[in-house]
1. Give the residue list of trypsin sites (Lys or Arg not before Pro) in region 185-236 that are DSSP loop and have at most 16 other beta-carbon atoms within 10 angstrom.
2. Could you line up 120, 69 from fewest to most neighbouring Cβ atoms inside 10 Å?
3. Please work out the FRET efficiency for the pair residue 192 and residue 103, using the Cβ-Cβ distance as r and a Förster radius of 25 Å; give the result to the nearest 0.05.
4. Go through 196, 164, 124 and say which Cα lies farthest out towards the positive end of the charge dipole of the chain; charges sit on Cβ, +1 for Lys and Arg, -1 for Asp and Glu.
5. Starting from the 7 Å offset along Cα-to-Cβ, what nm value, one decimal, do you get for the label separation of residue 63 and residue 137?
6. With label points built 7 Å along Cα→Cβ from the Cα atoms of residue 95 and residue 121, find their separation and express it in nm.
7. Kyte-Doolittle mean at least 1.6 and Cα extent at least 18 Å along the axis: which DSSP H helices of the chain qualify?
8. Largest first and in whole Å, what are the equivalent-ellipsoid semi-axes of region 95-254 based on the Cα gyration tensor, each being the root of 5 times an eigenvalue?
Amino acid sequence: MSLWEAILLAIVEGLTEFLPVSSTGHMILVSAALGIADDPFTKFFEVAVQLGAILAVVALYHKKFLRRDPWRFYLTLAVGVIPALILGKLLSDYIDQLLESPLTVAVMLFIGGLVFLFIDKIFPEENHRSEDPSPSFLQALIIGLWQCLALVPGVSRSAASIIGGLQQGLGRHRAAEFSFFLAVPTMAAATLYKGYQFLKISPEITKNTQILGIFLAGNITAFLVAMAAMKFFVQFLQKHGFRLFGWYRLILGGVILLLHFSGAAVLK
């Protein structure tokens with residue numbers, strides 16, 4: 001992987017991690033189009049670059065993460081992340097197989113697009129029920145179960161957890177923000193696990209200054225882009241809802257399906 005390829009993937013990660021469009025799916029598609037999808041370092045980088053996005057959440061919402069009485073906040077996140085940790089571990093081999101399939105990404109993007117065309121009518125903003133500033137432990141657990149749908153690439157962790165928040169009575173703004181917060185332990189666990197696996201196979205990477213430079217540049221890029229993307233998303237969501245994201249997913253998923261079934265080699 002070259003530096004410019006790493007920066008391109010990092011931009012994709014930062015732009016899409018917190019939008020309901022599937023960052024993993026986009027990176028699979030981009031790496032496949034670049035012809036680097038089969039590189040073991042690419043597979044590691046696609047997970048490790050999430051570190052920059054994680055830090056962006058903590059920086060943007062530092063008052064939440066560093067307040068004087070954070071125990072309930074952190075415990076709520078712990079409850080929410082448990083389902084994904086358990087299922088992610090149990091299904092890790094199957095998930096790794098799906099991560100190599102642009103077709104799976106396309107199908108899930110298309111299905112998710114159909115859902116987002118109607119999600120504003122299913123959960124109208126004026127009907128949100130919960131007035132508590134943070135979800136209860138039960139709400140966090142249920143949202144965490146919804147998040148498990150994103151173990152299938154193309155579903156989108158952000159989309160699944162936001163829908164879970166809406167289903168639990170949170171408004172758009174709070175559902176989106178809790179999705180950001182829940183991303184921190186979820187993505188941190190995935191990054192540490194994949195990093196440990198990769199270093200067992202390729203311990204020499206720690207001595208390769210070029211690879212370390214690529215890793216650093218990618219995460220700085222993901223951090224900056226993710227900060228801007230989160231601010232945009234919350235403001236856009238409040239005014240316009242999810243319909244545009246539905247059309248985007250439908251168009252992208254449809255184009256990839258057409259390319260696949262027409263025999264195009266670009267994403268194979």
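Computed from the coordinates by the stated procedures, all read-outs in this text should not be read as laboratory data. Just so we're clear, the structure is a prediction, and the values are computed from it rather than from any experiment. Ideal geometry is used to build each Cβ from the backbone, glycine not excepted, and the neighbour counts take in all protein chains shown.
1. Details: sites: 194, 200, 207, 231; in loops: none.
Of the trypsin sites (Lys or Arg not before Pro), not one in the loops of region 185-236 has a Cβ with at most 16 other Cβ atoms within 10 Å.
2. Numbers: 120 16, 69 6.
So the residues, fewest neighbours to most, are 69, 120.
3. Details: r = 29 Å, r/R0 = 1.17.
The calculated FRET efficiency here is 0.30.
4. Going by the charge dipole, the pick is 124.
5. Here the modelled spin labels are 2.8 nm apart.
6. Distance between label points: 3.4 nm.
7. Working: long enough: 3-16 (20 Å, 1.64); 71-90 (28 Å, 1.46); 102-122 (30 Å, 2.04); 172-201 (42 Å, 0.34); 209-240 (45 Å, 1.15); 243-261 (27 Å, 1.37).
Those that clear 18 Å and a mean of 1.6 are 3-16, 102-122.
8. Values: eigenvalues 191, 71, 52 Å².
Ellipsoid semi-axes (Å, largest first): 31, 19, 16.
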